[in-house]
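First the structure, in the form of structure tokens, and then the observations on it.
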Amino acid sequence: MTTLRREWLAAGASVSGRGGLWALVLAGAATLETADGASGLRPGDALLVQARTAHRLTADADTELVHGDLWSLAPAAALPSPLVVRRFDERQRGVVALVTACPLDVICRKDPFAASYAGLIGAAMSLLASDDADAGGSVAADVDTHVACVVAALAARPGGAWTLDGMAALVHLSRSALTERFRRATGHSPMRVLRDVRMNRARTLLAEQPDLPVTRVAFEVGYGSVAAFSRAFTADHGVSPLAWRVSAARHPQGRPAEPGRDRGRRADQQQRLDAVAVQ
């Protein structure tokens with residue numbers, strides 16, 4: 001996954017293509033068309049179309065959607081394409097809170113945070129498809145639910161004074177149990193995902209609010225000083241927040257800058273900064 005957008009489609013407007021698609025209808029109504037036929041979608045319904053399936057999603061009325069591309073989806077079980085899951089909003093509240101509170105409006109390319117979205121969405125769709133087919137639930141529901149709830153909380157409050165203990169307490173797990181669940185569901189530790197949430201929010205603020213001081217951005221995303229934020233941001237992106245903002249303004253379709261090849265090593269070195277509370 002590289003993008004996840006929340007937007008309104010006017011009646012008659014459509015989203016189409018041959019790439020993979022995941023979408024959630026928040027309001028209005030839409031119709032999904034593939035070679036297998038057409039399916040009507042109501043608020044709360046989610047759909048998944050894999051890259052091999054040509055499709056078109058058309059708004060029947062003014063419709064609000066969350067939708068994203070799926071370049072690399074590895075669900076825990078083989079899924080049909082297309083797949084429509086009814087009442088997704090009621091059955092996966094944590095995932096819905098995440099994708100509505102923290103969309104990937106700024107293109108993340110191969111950011112680990114974007115990959116985590118795809119993993120959580122794939123697991124949620126697999127789980128519900130399994131439930132709907134009475135297949136015995138081959139997906140580990142606890143993993144997805146607990147991780148999704150924590151990530152949704154991080155996305156809702158990226159500036160909070162988060163610690164591993166605080167995240168674990170949120171879902172009544174031990175530190176080690178939460179870390180293991182995160183690694184299985186996303187491939188990353190909770191603190192790494194927190195960092196990615198904060199960096200995603202920082203990119204959005206830098207790009208969409210050009211008059212907001214970098215110091216304010218730092219506090220908004222949970223760093224106690226602009227120096228700590230600048231070190232963390234530069235470790236992830238290879239450029240300072242100010243330089244990234246200038247580049248984003250000049251090349252709005254190409255942001256953000258690609259992280260340096262040593263991003264992972266530098267990110268690990270800076271990881272302790274993610275727990276710094278806002279002063």
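Taking label positions 7 Å along the Cα-Cβ direction at both L170 and S240, the computed distance is 3.2 nm, reported to one decimal. Listed values for segment 146-162 are Karplus-derived 3J(HN,Hα) couplings in whole Hz (6.51 cos²θ - 1.76 cosθ + 1.60, θ = phi - 60°), namely 5, 5, 4, 5, 5, 5, 4, 5, 5, 5, 6, 9, x, x, x, 7, 6, and x replaces Gly and Pro. A Förster distance of 25 Å, applied to the separation of the beta-carbon atoms of L212 and W8, puts the FRET efficiency at 0.50.
Which FRET efficiency, nearest 0.05, do T34 and A227 yield, Cβ-Cβ r, R0 45 Å?
Working: r = 52 Å, r/R0 = 1.16.
In this case the efficiency is close to 0.30.
Placing a label point 7 Å from the Cα of R93 along the Cα-to-Cβ line, the residues of segment 173-189 whose backbone N sits under 18 Å from it are 173.
Read the figures in this text as sums done on the coordinates, not as results from a lab. Everything numeric here is computed off the predicted structure, so don't read it as measured data. Ideal geometry is used to build each Cβ from the backbone, glycine not excepted, and the neighbour counts take in all protein chains shown.
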